[in-house]
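Taken together, the values in this text are just the output of simple stated rules run on the coordinates, not laboratory data. What you see is a predicted model; the values in this text were computed from it and never measured. Ideal geometry is used to build each Cβ from the backbone, glycine not excepted, and the neighbour counts take in all protein chains shown.
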Amino acid sequence: MNDDALRYAIYQTFAETGRAPGDDALAAWCGGESAAAASLRRLHDAHALVIDDVGSIRMALPFSAVETEHRVTSGVVTWWANCAWDSLAIPAALGIDATIDSLWMDTGEPVEMAVVDGKLNSRDGFIHVKIPARNWWDDVIET
């Protein structure tokens, strides 16, 4: 499987399950563990996804492979978003209605929103992006 096809398969898995594909699936798709690791590294270096320090998928934006404070749910599937912005991107990318459970950054209080027919049901609050977009990849996990 070439890198583009692997990226598609990773996104497809996230979209369908809310989770990153496992190491066994990656190895099977790529023809072995070392081929999968090399492909993931190339995708990471191209900013097509983010791998962690041990080479596992951490992010396939807007999806997070680890639990975060930004949870998006539609039907029986739950996704973790990397940030508030990504929590809005998941329903938009998938063309779905969804609920978003998160926390207000300034108070830490829970906030629940919904996206229905492509529209956010709340206009309370705002998303603050503290790092300029040109610097996001300097530390995309913190961004």
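Points worth noting:
- Mean Kyte hydropathy of 1.0 or more with a Cα span along the axis of at least 15 Å, helices from DSSP in the chain: 84-94
- The chain, dipole about Cα centre (Lys/Arg Cβ +1, Asp/Glu Cβ -1), debye to the nearest 20: 360 debye
- Counted without the sites themselves, the longest stretch of the chain free of GluC sites (Glu not before Pro) in a DSSP loop having at most 11 other beta carbon atoms within 10 Å is 68-141.
- Amide H contacts under 5 Å for residue 70, placed H, 5+ residues apart: 81
- With N counted as the residues of the stretch 3-60, its alpha-carbon radius of gyration over 2.2 N^0.38 Å works out to 0.97.
- Taking chymotrypsin sites (Phe, Trp or Tyr not before Pro) across the stretch 73-118, the ones in a DSSP loop with at most 16 further Cβ atoms lying within 10 angstrom of their Cβ are 104.
- Across 103, 26, 40, mean-square fluctuation computed from a Gaussian network of the chain (C-alpha pairs under 10 Å connected) peaks at 103.
- Inter-label distance for residue 85 and residue 8, nm, one decimal - labels placed 7 Å from Cα along Cα-to-Cβ: 2.7 nm
- Alpha-carbon geometry of the chain: the Rg and the Dmax are 15.9, 49 Å, given in that order.
- Each Cα pair under 8 Å and six or more residues apart adds its sequence gap; the mean of these over the residue count of the stretch 70-135 is a relative contact order of 25 percent.
- Compactness of the stretch 70-135 - radius of gyration and Dmax, Cα, Å: 12.0, 36
- Mean residue ellipticity at 222 nm, helices only, the chain: -10000 deg cm²/dmol; runs of at least 4 DSSP H residues each add -39,500 (n - 2.57), and the sum is divided by the number of residues.
- Charge context of residue 9, other residues only, Cβ under 12 angstrom, K/R +1, D/E -1: -2
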